[in-house]
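A short worksheet on the structure shown next.
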Amino acid sequence: MTQAEAFSEREAAMCVVARMVESGKTYWAAGGGTPIYSVLLGKKLYAPDAQYVTEDGVIAPIPMLPFEPMMTMVASRATYKALSWGNMNTAGFYAQLGYMDYGVLNTLQVDKHGNINSTFLGEYGHGGRRMHGPGGADTIAACCWRTILITDQEKRKFVEKVDFISSPGFLDGSEGARERAGLPRGTGPWRVVTPWSVYDYVDRRLRLMARMPWVTVDEILAECEYKPLVAAEVQVIDPPTEEEVQILRTELDVRGQTTDAAGGWIVWDGEKYIRQVTG
Amino acid sequence: MTLASSQPIELLAEGKAKYHPVDPDGFREWVREHKSRTLVSKLMTEKEAVEKFVADGDYITYECNYLTRGPNLVLNEIMRQRKKNLWIAGKFTYVDVGLLVGAGCASKVDTGFFLATPGVRTALAEGRLEIFEYSNVVMSMRLEAGAQGIPFIPVRSFGGTDGFDYSGAKLIRDPYTGLPTVIIPALNPDVAVIHVQQADECGNARVFGTGISDVPAALASRKVIVTAEEIISTDEIRSNPGATSIPYWCVDAVVEAPFGAYPGTVPGYYASDPMAVMEIFAAALRGAVEPYLEKWIYGVSSHQEMLEKHVGVAKLLDMKKREVIKEGYRA
């Protein structure tokens, strides 16, 4: 595979998630944007028999790409040639029944036990900043067997304790905490992917397991308010390939909605990747 | 296979927020008194439907959102009639909550998901708006319970979240499994508004494509307004009963509403108008809802006048043309 020579950080994160996608598994992709593009990229290149659902209960569509702007659910292109059309409750039922192997979602803030905040920044009800709420992510994080979280590598996004648990990780981190709260047994956070890094969990605590070639472990840790555990050997992730980036740009995110939103741009200078931060 | 022995129900934790009252017997009595079993025409304009069936202070749910198969002509009419103190079921909503709050119509939201606009944040800060925390699926499951005529429903999600504390949910020890189980209160809204592809004038309605909670919302609500792209005959309904999503007896008003979801899409019928969608988002995100409402809603007397004045035939035809996918959207 030819390594791509220039790509955005968001694109890099989507490529990493795409490589996690497995044939024969089901994915509940939250909302639009990076989760659904990641799963579609994975299906195209690595796991054609992976299936996905969205919050409107559609099963295994063959979407007509590209989507209309912001129309990733209850829209004819997004739900095209599905095996079944449903609704929000059928999606919830599939998840409650154990049919959803992986949930893929985006968030504003994650903590050391994988809890997710998309509701409120600051002390709830006292000033602070109201955000959009969990949407479908609460059910995804509660009921899918494994949860993959996509976020940015920023200090304020990796915290000791989220300001508000919108969607559950391992809660207080104690063994059985999820079950004591009424959630199905054997479920929970599995990976966190950022443009710089991948995390897993050891004893329900976040652990840095892999990094991109253009950042060091120290640089990553400097962008974590909460310092995660660090694997004895932090693997180096292969950078995006030309093929991955091309599919993202020409077939999936053709309007560049996930490209120019935030973060840096990674460029090959002939010897190594360098990070350029755009205004 | 081992079975857990039966254990007494025990209340383990509960949310502290107020919630729309749960009253299945009261709902049954409402149905007995108010829901006509007769096949009569319920056709009316959106103006009449809102005058008759949306009251200040009502709890209202609407299906989908402003971008996709939303009952936008009725939402716009609610704003035009300056309804007050509505309590919104904010599941899978988007920019619409920002508009309803901006227009001074909504004072409570159960959420879900909505676009947190500057207007919404200001209303919260000034105490004009209260928000109660749920999630999209928890909200649609609440409607599911409301639609079944039962007082609550167990769900396998929502436990352990901070939203739980600011909701009407409870955690109990379930007497069958002995496991901690979240229960959520049934939701029986005062009003449901649902935009569908086809309906007859009595309210037998066909929804094609995916959705959020069209059928539970129709069954669970005291007053139901159906708006339809096309009015079809009852004979046509009878020719394919399996295609009927919502039975007439739930429905109180039927509004013929071609392009009723403008500027959003109605799958199989027309694509969205991206420029107009962007205009809403720009207005909502810049905190400039008032001029938007003035142009698109207050400055016209009906949805049709809005389409004539601000959209035009060429654009509507183009929206139809761009919706190339038809499969699955006809009976």
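Please treat every number below as a calculation from the coordinates, not as lab data. Keep in mind that what you see is a predicted model, and the values were worked out from it rather than measured. Note: ideal-geometry Cβ built from the backbone for every residue, glycine included; neighbour counts use all protein chains shown.
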Limited to the range B:210-247, what total is found for residues that are surrounded by fewer than 24 Cβ atoms within 10 Å (Cβ to Cβ) and part of a loop (DSSP other than H, G, I, E, B)?
7
May I ask you to verify whether A:S174 is buried (at least 24 other Cβ atoms within 10 Å of the Cβ), of a type in the set (S, T, Y) and farther than 23 Å from A:F120 by Cβ?
no
Show me the helices (runs of 4 or more DSSP H) found entirely inside the range B:52-163 where at least 1 residues are over 22 Å from A:M131 (Cβ atoms) and either touching a strand residue (DSSP E or B) at 6+ places or on another chain (Cβ under 8 Å) or within 14 Å of another protein chain (Cβ to nearest Cβ) (or both).
B:72-80, B:136-148
Which residues, counting only those in the range B:165-194, are outside any strand (DSSP E or B) and either among the β-branched types (V, I, T) or at the interface with another protein chain (Cβ under 8 Å from one of its Cβ atoms) (or both)?
B:Y166, B:T177, B:L179
Confirm whether A:S23 is within 11 Å of chain B (Cβ to nearest Cβ), touching a Pro at 6+ places or on another chain (Cβ under 8 Å) and either under 26 Å from B:G328 (Cβ atoms) or not in a strand (DSSP E or B) (or both).
no
State which residue pairs qualify: first residue of a type in the set (D, E) and inside the range A:66-87, second residue part of a loop (DSSP other than H, G, I, E, B) in any location, beta carbons under 8 Å apart, and separation of 6 or more residues or different chains.
A:E68/A:A75; A:E68/A:R77; A:E68/B:A271; A:E68/B:S272
Can you name every residue in the range A:136-170 that is touching a Phe, Trp or Tyr at 6+ places or on another chain (Cβ under 9 Å) and assigned to a strand (DSSP E or B)?
A:R146, A:T147, A:I148, A:L149, A:F158, A:V159
Name every residue in the range A:118-134 that is in a strand (DSSP E or B) and facing another protein chain (nearest Cβ under 7 Å), in order of residue number.
A:R130
I'd like the residue in the range A:83-94 that is at the interface with chain B (Cβ under 8 Å from one of its Cβ atoms) and of a type in the set (A, V, I, L, M, F, W, C) and, out of all such residues, is farthest from B:Y329 (Cα to Cα).
A:A91
Take the residues of the range A:173-227 that are among the hydroxyl-bearing types (S, T, Y) and part of a loop (DSSP other than H, G, I, E, B): which is nearest to the other protein chains (Cβ to nearest Cβ)?
A:T187
Condition test on B:P180, is it in contact with a His (Cβ under 8 Å, 6 or more places away or on another chain), within 30 Å of A:H113 (Cβ to Cβ) and not hydroxyl-bearing (S, T, Y)?
no
